[in-house]
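Worksheet: one structure, shown below.
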Amino acid sequence: MGLANCKCKAEPDNSVPVEFLGHSKIEATLSTPENLKKFSDVIPEHREDIGISTKAVWDISPKFTYVDDSEEITDWKEIKLEDGLYIGEYAEDQPHGRGIQFLKDGSLIEGHWDNGLIIGRGRLIFSNGDCYNGDFFNGKLDGKGSLVSMNGTKYEGDWVNSKQNGMGRELWVDGSEFVGEFKEGLKSGKGTFWWKDGNVYQGEFYKNNINGMGNYEWSDGRKYEGQFVDNKMHGKGKFYWPNGRYYEGDFANDLKHGYGKLVWPDGKVYEGDWMKGKRHGIGSMSVSTTTAKRGEWRNGQRYRWLDV
């Protein structure tokens, strides 16, 4: 049926873990008070501390704007941390205020710190080139934010504990789009997915798969309403064709399977057993002007009439 692609072509790259941006200080070096520094100069001076992809993304990104709209600092320190190097404002030998952190894996953080932890609005460019812009809380991605992957995939929405959590929107370079609920970094809950070929699904998701009740519409006019399991029509449902034909009943693994009724536009009706998409077992056949006749079908073909 084509639903297996629900995992969606290009999920945001999670190969670089979003770690706790901690505050375990090793040592600090005090700058001279008259030593004026600009944040825009800090990163070019420390290019050896960031990855190649990080550099490339930072070079083409707009300048990060701090809350006070100023990039000049006079009272700053270089503070060596267990997970990298911090340059910026401080309090009691901890990152505190505006600053930049160079992580050991080559990632880069620009933002605001409070007692050693980044908090509020900031930017994190991962060593693989993915870039997060948005809210931080206690050193983690938390609040509203957007993540743009190197492959062009974009997520914008809610974050909790460094994972997509709440309402969000994902966009892919081929034009596909998802809008809906996320939990622990995965599509879970209610949502709508638009594929580049014009197909649309609206309904329930669980751990990035179509699971639960929903409606799937094909660009050619076919439509299914009912239950899904792991991206397949499975359970009770109703399938419509553009010519007016429809099936209502049981499905298994995208096929009519179990008990169901198939109705043709001319009034002909089959109701009975199905197996792997074909009439198989006992059923009845009727036309709008005739009484239903019971029979036995095998692999889609009538084997015999039972009402003789």
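Read the figures in this text as sums done on the coordinates, not as results from a lab. All values reported here derive from a predicted model rather than from experimental measurement. So basically every Cβ, Gly included, is an ideal-geometry build from the backbone, and we count neighbours across all protein chains shown.
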Which whole-angstrom value gives the distance between the alpha carbon centres of region 58-73 and region 90-132?
13 Å
Within the chain, helix-based [θ] at 222 nm, where runs of 4 or more DSSP H residues each add -39,500 (n - 2.57), nearest 500:
-1500 deg cm²/dmol
Angstrom value of the Kirkwood radius, inverse mean 1/r, which spans all Cα pairs in the chain:
23.1 Å
At R0 = 22 Å the Cβ-Cβ FRET efficiency linking Ser61 and Glu82, nearest 0.05, sits at 0.20
Search the structure for amide H atoms under 5 Å from the amide H of Lys183, placed 1.01 Å from N in the peptide plane, and list their residues when 5 or more places away or on another chain.
Gly166, Ser188
Karplus ³J(HN,Hα) for region 142-148 (6.51 cos²θ - 1.76 cosθ + 1.60, θ = phi - 60°; Hz, whole; x = Gly/Pro) runs 7, x, 9, x, 10, 10, 10
What are the residues whose amide H is under 5 Å from the amide H of Asn199, where those residues sit 5 or more places off or on another chain and H is modelled from the backbone?
Ser219
Amide H partners (placed H, <5 Å) of Ser176, local residues excluded
Lys196
How many nm is it between the label spots at Gln301 and Ser284, if each spot is 7 Å from the Cα in line with the beta carbon?
2.6 nm
FRET efficiency for Ser70 and Glu92, Cβ-Cβ distance as r, R0 = 25 Å, nearest 0.05?
0.60
So, by mean Cβ neighbours within 10 angstrom, what's the order for 55-62, 174-181 with the highest one leading?
174-181, 55-62
Can you order the peptides 157-168, 72-83 by their average number of other Cβ atoms within 10 Å per residue, highest first?
157-168, 72-83
Can you sort Ser284, Ser40, Ser188 so the residue with the fewest Cβ neighbours within 10 Å comes first?
Ser40, Ser284, Ser188
Rough spin-label spacing in nm, given labels placed 7 Å along Cα→Cβ, for Lys236 and Asp197:
3.0 nm
Compute the distance in nm between two label points, each set 7 Å from the Cα along the Cα-to-Cβ direction, one at Lys38 and one at Glu156.
2.9 nm
Whole-angstrom Cα spans of region 113-188 along principal axes, big to small:
42, 25, 15
FRET efficiency, 1/(1 + (r/R0)^6) with R0 22 Å, evaluated for Lys144 and Lys183 via beta carbons
0.85
In order over region 123-139: 3J(HN,Hα) from phi, Karplus 6.51/-1.76/1.60, θ = phi - 60°, whole Hz, x for each Gly or Pro, gives 9, 10, 9, 6, 5, 8, x, 5, 9, 10, 10, x, 8, 10, 8, 6, x
